[in-house]
C-alpha cells in the first residue's frame, strides 16, 4: 500500500486499525505484510515492545516498522504504537479487574438488569457485524464440504470448547457422524490420526490461540483433511488453504466477550449441512 493511499487521519481505535490492515493486506509489500501479521497476532507485544525487539520477533529490520507505520498514515512508529497501548488501557487485564470495572455501571455491585443490558448490547453488536460480514459463498462451500465428509472432527479448546460441544450435539441429532476432540485420557492426537481427505474438521479458536488447537489444525492439514476454521483474524495461525475459514469478531462488555455471533454461525452451518445432505438424498432417490 502506498503511503499516499492512507487517510490523512489514521485510525485511533485498535479495531479500526485492524480493519485497515486486513483490508489492505494484499497491497502490502512482503516485509510490511510480515509486520502486519505480527501486529495482528501479538498486539500486546506491539504495545510495549521496543522497536528492536519487535523487529527481531517479526524477523524484519527496525526501519521496516517505521515504513509500516507511515504506510498506514501515522507520523512514525511511536504514533502507531499508541493505538496498541490505548487498546490495553481500555481492556481490563484480568477477571478481578473486569468485575471491578462493572461497578462503573452501577453504584456498588451492578444489578442483574444492568448486566443483562450490557451483555445484550454486546451480543447485538456482534450479530450485526456477523450479518454485515458473513460470506454466503463461504457458507455454501463449508456446508457442502461438511455434508460430503464421512466423519466431522470437532476441535475447540478453552472458551471455544462450548462451540465444538454444541456442534457435536446438534450433528448427532441431525445424524451427521462427528467426533468431539477433548479426551480426558489425552488421546486426542491419536484420535485425529484417523482423519483423512474423505473427512473434515471444524476448528475453532480465538486470540490468544490455544496451542493445542493450533497443533491439531496443523496435524489435520498434514493429513489432507479439509478444515472449516472459525477464528478472529486472517493472520490467525489456524487459517489454512485446505478448506474454508470464517472471521468472527465478538464484542465485549467490560472485557467479557459473548459468543453470540460464533454460536449463531455454527447453528446456521449445522442446519445448512443437514439441508445439503437431505438435498443430496432426494437427488439420489429414483423418481
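Derivation of every value follows stated rules applied to the coordinates shown; laboratory data play no part. What you are looking at is a predicted structure, and each value in this text was computed from that prediction instead of being measured. Here the Cβ positions follow ideal geometry from the backbone for every residue, glycine too, while neighbour counts run over all protein chains shown.
Structure data summary
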{"read-out": "For 216, 166, order by how many other beta-carbon atoms lie within 10 Å, fewest first", "value": "166, 216"}
{"read-out": "Neighbour-count ranking [beta-carbon atoms within 10 angstrom, fewest first] of 256, 68, 48, 206", "value": "48, 256, 206, 68"}
{"read-out": "Neighbour-count order for 27, 70, fewest beta carbons within 10 angstrom listed first", "value": "27, 70"}
